[in-house]
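This report refers to the structure that appears directly beneath it.
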Amino acid sequence: MTAPTGDASQPAVPYGTPDAPRIAVRGEARLEVDPEIARIGITVAARGRDRRSALDDLTRRNAGVLDLVKTYGDAVERLETGAFSITPELTKHGRGERIRTYHGRVHVTAELTDFTALGELTTRLADLELTRVDGPWWALRPDSPAHRDARKKAVREAVQRAREYAEALDTTLSALVELADIGAENTTPPHPQAPGRMRSAAYGAAEDTAAAPLDLEPQRQRVHAQINARFTMVPPRL
């Protein structure tokens with residue numbers, strides 16, 4: 001594209017003129033790419049007749065989970081301990097507020113980049129006492145090259161479309177006036193639930209609930225880029 005003609009000292013106007021007609025187009029790109037991260041949620045539980053025993057058991061089990069996940073080294077990109085709680089359970093019968101037992105829970109999130117290790121890790125975690133595994137949820141990194149590729153494709157589409165309009169008017173583009181990013185990184189939500197696919201939890205043998213298998217098939221990620229572009233054109237001869 002060549003530089004705009006005319007007196008550069010003249011202020012730009014937000015609309016087209018007969019001497020500098022404008023064209024507005026939209027460019028859009030939709031890509032499907034393999035995920036880069038698998039995220040799993042781990043819930044460790046403990047029960048005790050008193051607060052101290054529940055807390056001690058919860059601390060021991062949580063340390064065991066963290067140690068196990070860390071043995072996978074570089075396959076684990078992030079390991080984070082989240083919410084923690086110790087909750088009393090009251091007796092259902094009798095007068096007064098008598099505590100029957102204490103329930104403790106702590107939540108851990110792990111992000112893996114090596115999907116070959118994912119199945120083994122989730123199986124070993126689910127075999128631990130009173131330990132639950134949820135997920136996996138598939139995602140891209142915020143700085144994934146897929147976002148850049150989608151933006152470039154959207155810009156190229158906008159330029160191509162503008163050139164086609166200009167060619168239809170037997171003229172050419174003169175200059176780019178504006179480029180607006182209106183959705184360059186609209187990706188699949190962090191925790192998508194794919195319709196019709198099993199994404200239930202796996203439980204340790206100490207849980208009363210029956211175990212359900214995790215779906216470990218990587219889910220392709222959708223990347224959407226959308227831009228608006230405005231160009232000036234060489235005045236066509238109509």
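The values are calculated or read from the model by the stated rules, or taken from the named source; none is laboratory data. In this text, all values refer to a predicted model and were calculated from it rather than measured experimentally. Heads up, the Cβs are rebuilt from the backbone with ideal geometry, glycines too, and the neighbour counts pull from every protein chain shown. Calculation scope for accessible area: heavy atoms of the full protein, side chains included, ligands and nucleic acids excluded. Shrake-Rupley method; radii C 1.70, N 1.55, O 1.52, S 1.80 Å.
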Return the distance in nm (one decimal) between the two label points of a simple spin-label model at residue 103 and residue 87, each offset 7 Å from Cα along Cα→Cβ.
-> 0.5 nm
Using the Karplus equation 6.51 cos²θ - 1.76 cosθ + 1.60 (θ = phi - 60°), what ³J(HN,Hα) coupling, rounded to whole Hz, does each residue of the range 33-38 give in order, writing x for Gly and Pro?
-> 9, 5, x, 10, 9, 10
Efficiency of FRET between residue 181 and residue 59 - r from beta-carbon atoms, R0 45 angstrom, step 0.05 = 0.40
In the range 24-173, carbon and sulfur make up what percent of the accessible area (probe 1.4 Å)?
-> 46 percent
